[in-house]
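**Student:** I have a structure here, written as structure tokens, and I will follow up with some questions on it.
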Amino acid sequence: MTTLPPLRDVIEQYDLGAKKSLGQHFLLDLNITRKIARDAKVSEQDVVLEIGPGPGGLTRALLETGAQVIAIERDRRCIEALQDLSNAYPGNFRVVEEDALGANETELVAGKSVKIIANLPYNISTELLIKWLQAGPQLWSMMALMFQKEVADRILAKPGSKTYGRLSIIAQAASRPSRAFDLPARAFTPPPKVDSTVVLFEQPKNQFEQLGALEQITKAAFSQRRKMLRTSLKPIFGDRLSDTLASYGIKETQRAEELSVEQFKRLATHHDASG
């Protein structure tokens, strides 16, 4: 790594002031970025997909492991700045200029199952997570993603808590998420207004196939949190609602935040099966 210029010099040379419109907050501390790579167990056998590498702080730590890294970046200034990494790791690093929301990741990684590791742009982090959860094991074997701490708390929330909701259920139905570590705002350049959290996602032992139905049911259930299920889920199940809830030991008077992820999965499976 001694052949590469310091990251702060790269930022100055390419005038990489973080753009608020792109949700950019750069992570420059190599001790932290190396910890992310370690927690994700990145090795030379891995292909890694990184989103929004910026000046390349996390990218450097990933390339140090010997892994192949494919980075998606929409900021042309950063693409130019990353050229030093392409030169330092010939054949192991490729940058694709594209908006991650519209990218076909499966095509980019040539059908391989990869590790997705990223300090995500905060303004699109939830959208990207849902997109990748829907893609499932055809795209990724594990993910290590940086979120605002409050978003991470929602992903990991348990039934009955104030943060438990649609994101908790979808993430926990489609993966096995766990908290790796928290980071204070001062760890970033420029510092955001909130702290951040790295969340690890592993593939579940049994893949859940009814995410579409689950999204529909949770949207209805949590649209008005204080409503009882007999009201909120009526548009989904119609006249079958009472019998459906009873068959899974769910009371009509319960509210959405009281149901477990497993109960929501059963409702989604039932809805899919009954058409």
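The values are calculated or read from the model by the stated rules, or taken from the named source; none is laboratory data. As the structure is a prediction and not an experimental result, all values here were calculated from the model. Ideal geometry is used to build each Cβ from the backbone, glycine not excepted, and the neighbour counts take in all protein chains shown.
**Student:** Tell me yes or no: at least one residue of the stretch 160-167 is closer than 25 Å to ILE51 by Cα, surrounded by 15 or more Cβ atoms within 10 Å (Cβ to Cβ), in contact with a Ser or Thr (Cβ under 8 Å, 6 or more places away or on another chain) and in the same structural domain as LEU28 (by TED's automatic domain parsing).
**Tutor:** There is at least one residue in the stretch 160-167 that is closer than 25 Å to ILE51 by Cα, surrounded by 15 or more Cβ atoms within 10 Å (Cβ to Cβ), in contact with a Ser or Thr (Cβ under 8 Å, 6 or more places away or on another chain) and in the same structural domain as LEU28 (by TED's automatic domain parsing).
**Student:** Scan the stretch 33-55 and report the pairs whose first residue is in the same structural domain as LEU85 (by TED's automatic domain parsing) and surrounded by fewer than 22 Cβ atoms within 10 Å (Cβ to Cβ) and whose second residue is part of a loop (DSSP other than H, G, I, E, B) and at pLDDT below 95, with Cβ atoms within less than 7 Å and a gap of 6+ or a chain change.
**Tutor:** VAL47/VAL109; VAL47/LYS112
**Student:** Does ALA152 qualify as being surrounded by fewer than 20 Cβ atoms within 10 Å (Cβ to Cβ) and among the aliphatic types (A, V, I, L, M)?
**Tutor:** So ALA152 does not fit the description; no.
**Student:** Please determine whether any residue of the stretch 206-217 is outside the structural domain of ALA135 (by TED's automatic domain parsing) and farther than 25 Å from ALA135 by Cβ.
**Tutor:** No: the stretch 206-217 contains no residue that is outside the structural domain of ALA135 (by TED's automatic domain parsing) and farther than 25 Å from ALA135 by Cβ.
**Student:** Every residue in the stretch 58-74 that is in a helix (DSSP H, G or I) and crowded, with 22+ Cβ neighbours inside 10 Å, please.
**Tutor:** LEU58, THR59, ARG60, ALA61, LEU62, LEU63
**Student:** Just the residues that are assigned to a loop (DSSP other than H, G, I, E, B) and either polar (S, T, N, Q) or surrounded by 14 or more Cβ atoms within 10 Å (Cβ to Cβ) (or both), please, taken from the stretch 85-96.
**Tutor:** TYR89, ASN92
**Student:** Quick check on my filter: what residues within the stretch 138-150 are assigned to a helix (DSSP H, G or I), touching a residue at least 40 places away in the same chain (Cβ under 8 Å) and not basic (Lys, Arg)?
**Tutor:** Within the stretch 138-150, just GLU150 meets the criteria.
**Student:** Does at least one position in the stretch 124-135 carry a residue that is within 14 Å of PRO53 (Cβ to Cβ), surrounded by fewer than 19 Cβ atoms within 10 Å (Cβ to Cβ) and charged (D, E, K, R)?
**Tutor:** no
**Student:** Still on this structure, please answer the following. What number of residues in the stretch 1-28 are at pLDDT 80 or above, under 20 Å from GLN148 (Cα atoms) and either in contact with a Pro (Cβ under 9 Å, 6 or more places away or on another chain) or surrounded by fewer than 16 Cβ atoms within 10 Å (Cβ to Cβ) (or both)?
**Tutor:** 2
**Student:** Restricting attention to the stretch 173-192, report how many residues are in contact with a helix residue (DSSP H, G or I) (Cβ under 7 Å, 6 or more places away or on another chain) and in a loop (DSSP other than H, G, I, E, B).
**Tutor:** Count: 3.
**Student:** Follow-up question, since we're still on this one. Would you pick out the residues in the stretch 97-123 that are part of a helix (DSSP H, G or I) and either among the aliphatic types (A, V, I, L, M) or surrounded by 12 or more Cβ atoms within 10 Å (Cβ to Cβ) (or both)?
**Tutor:** Hits for the stretch 97-123 are ALA100, LEU101, GLU105, THR106, LEU108, TYR122, ASN123.
**Student:** Any residue in the stretch 125-137 that's not assigned by TED's automatic domain parsing to the domain that holds ALA103: show its pairings with residues that are surrounded by 15 or more Cβ atoms within 10 Å (Cβ to Cβ) and modelled with pLDDT under 95 at Cβ separation under 9 Å, as long as the two are six or more apart or on different chains.
**Tutor:** Every condition considered, no pair remains.
Yes or no, residue by residue, for (1) among the polar types (S, T, N, Q); (2) surrounded by fewer than 18 Cβ atoms within 10 Å (Cβ to Cβ); (3) without any contact (Cβ under 8 Å) to a residue 40 or more places away in the chain:
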residue: PHE237; (1), (2), (3): no, no, yes
residue: ARG240; (1), (2), (3): no, yes, yes
residue: THR244; (1), (2), (3): yes, no, yes
residue: TYR248; (1), (2), (3): no, yes, yes
residue: THR253; (1), (2), (3): yes, yes, yes
residue: GLU257; (1), (2), (3): no, no, no
residue: LYS265; (1), (2), (3): no, no, no
residue: ALA268; (1), (2), (3): no, no, no
